[in-house]
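Accompanying notes for the structure given below.
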Amino acid sequence: MTHPASPALTFTRVRRTYPGQTQPALNDLTLSVPRGSRTGIIGRSGAGKSTLVRLISGLEHPDAGQIHLRGEPLTPATRAAHQARTGLVFQHFNLLAQRTALHNVTLPLELRGVPRARREALAREQLRLVGLGGLEDRYPAQLSGGQKQRVGIARALVTDPDLLLADEATSALDPETSAGILKLLLDLQRERDLTLLIVTHQLEVVRAATTHVAVLDRGQLAEYGETGAVLRNPRHEVTRALLDAHRPQVPLATHETLRHLTLPDLGAGTLASLSRQGARIVQAEAHPLGVDVWLAVPHGGHLTVPDTAVSGVSA
Ligand SMILES: Nc1ncnc2c1ncn2[C@@H]1O[C@H](COP(=O)(O)OP(=O)(O)OP(=O)(O)O)[C@@H](O)[C@H]1O
């Protein structure tokens, strides 16, 4: 049922107003998510992000407009087939406390009637792929937050979906664990040619892990584009506000500008090169592809970054 050339997902003038509400949670939303992309959905609290996820996963229905998944309209008749090919990863993991890691992952297969030996073999393989080989018999209470989320990802992928929705999947985790989970999602997305939709209120997650970004504001699409282009040249006030909130609040000398880069490492060679160019590091954080660095650089000073720099976004 997939049309290879079609986007993974399109919303066309979608509106959804919750019962008893006067303002729509999503209002006339039109959006297209390319197949194989890692698309971030970002916006302030109440912008409509969770509503968007609930509509895609078939838990809510639009009052107006159309949703297409894999080139097919999402209707009551097609919903089950689409749900079967869509994986969901949640902020609070949603694991069943009385089941082991293995039996949390086998659950979606049980619901589909996959025989026990087969579903346990698939779940074991999936747990191995997310780095939890050997922990199959642990209960959720015996796992760290990052490990629980790995179980959640294994459960989402065990049915071999082509679309994965990660709804605030790293929001409950510390920065280092969060970077590990994002790296895992990135690796899995590439290996399996998944379309990955990352819903987040954290701009750093968008910066670290997405190819495209849609900025929602009060139920509408404020801005959409390739992530680098949107972050370099934000057009909407909400995007600018999100960028400002993320920018480190550090004093700069009058001749300095702040720049952001993602580097594979901060080895001696890179540090020496930055220092030779008069750049000073004002903040560095773990990033799924290396290190996320904010630099104060001299105005007009051309900064030559290492060939291996992953991305360079001026700020
Ligand atoms: N079940 C509901 N009943 C009534 N109104 C709701 C319901 N769920 C969400 N809303 C309202 O719809 C709007 C969009 O909410 P939504 O949860 O989609 O936003 P969000 O961007 O995910 O926010 P957050 O980042 O805080 O989770 C908000 O005004 C919210 O109050």
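A few notes on this one:
- Screening residue 195 with (1) within 24 Å of residue 103 (Cα to Cα); (2) in contact with a Lys or Arg (Cβ under 8 Å, 6 or more places away or on another chain); (3) open to solvent by less than 10 Å² (accessible area, probe 1.4 Å); (4) in contact (Cβ under 8 Å) with a residue 40 or more places away in the chain gives one miss only, at (1).
- Candidate set: the stretch 89-107, residues that are open to solvent by 30 Å² or more (accessible area, probe 1.4 Å) and at pLDDT 95 or above; chosen: the one nearest to residue 185 (Cα to Cα): 95
- Filtered residues of the stretch 262-273 (kept if in contact with a Leu (Cβ under 8 Å, 6 or more places away or on another chain) and within 21 Å of residue 232 (Cα to Cα)): 262, 264
- A search for C-beta distances below 6 Å between a residue of the stretch 134-156 that is within 16 Å of residue 91 (Cα to Cα) and any residue that is polar (S, T, N, Q) and open to solvent by 20 Å² or more (accessible area, probe 1.4 Å), counting only pairs 6+ apart in sequence or on different chains, returns 146/177.
- Residues in the stretch 208-234 that are among the charged types (D, E, K, R) and open to solvent by 30 Å² or more (accessible area, probe 1.4 Å): 218, 226, 232.
- Cross-chain or 6+ apart pairs with Cβ under 9 Å, the stretch 168-179 first and touching a residue at least 24 places away in the same chain (Cβ under 8 Å), then of a type in the set (D, E, K, R) and open to solvent by 30 Å² or more (accessible area, probe 1.4 Å): 175/204; 175/285; 176/285; 178/204; 179/285
- Qualifying residue in the stretch 203-212 (condition: acidic (Asp, Glu) and more than 16 Å from the ligand (Cβ to nearest atom)): no
- Residues that are under 21 Å from residue 208 (Cα atoms) and part of a loop (DSSP other than H, G, I, E, B) were ranked within the stretch 6-46; the one that is nearest to the ligand (Cβ to nearest atom) is 45.
- Qualifying position, being among the small types (Gly, Ala, Ser), modelled with pLDDT under 95 and open to solvent by less than 30 Å² (accessible area, probe 1.4 Å), among 57, 50: 57
- Flag if residue 193 is at positive phi and either touching a Ser or Thr at 6+ places or on another chain (Cβ under 6 Å) or not polar (S, T, N, Q) (or both): yes
- Selection over the stretch 111-131 of residues that are free of Cβ contacts under 8 Å to residues at least 40 places away in the same chain, part of a helix (DSSP H, G or I) and open to solvent by 60 Å² or more (accessible area, probe 1.4 Å) gives a count of 7.
- Taking the stretch 47-70 as the range and being under 12 Å from residue 9 (Cβ atoms) and either free of Cβ contacts under 8 Å to residues at least 40 places away in the same chain or more than 10 Å from the ligand (Cβ to nearest atom) (or both) as the test, the residues that pass are 56, 57, 66, 67, 68, 69, 70.
A quick yes/no check of all residues on (1) in contact with a Pro (Cβ under 7 Å, 6 or more places away or on another chain); (2) surrounded by 15 or more Cβ atoms within 10 Å (Cβ to Cβ); (3) assigned to a helix (DSSP H, G or I):
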residue	(1), (2), (3)
251	no, no, no
254	no, no, no
259	no, yes, no
266	no, no, no
272	no, no, yes
282	yes, yes, no
286	yes, yes, no
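- Residues that are in contact with a His (Cβ under 8 Å, 6 or more places away or on another chain) and open to solvent by 50 Å² or more (accessible area, probe 1.4 Å) within the stretch 198-207 comprise just one, 204.
The values are calculated or read from the model by the stated rules, or taken from the named source; none is laboratory data. In this text, all values refer to a predicted model and were calculated from it rather than measured experimentally. Every residue, glycine as well, gets a Cβ built from its backbone with ideal geometry; the counts of neighbours run over all protein chains shown. Keep in mind that these areas ignore ligands, DNA and RNA; they rest on the heavy atoms of the full protein, side chains included. Shrake-Rupley method; radii C 1.70, N 1.55, O 1.52, S 1.80 Å.
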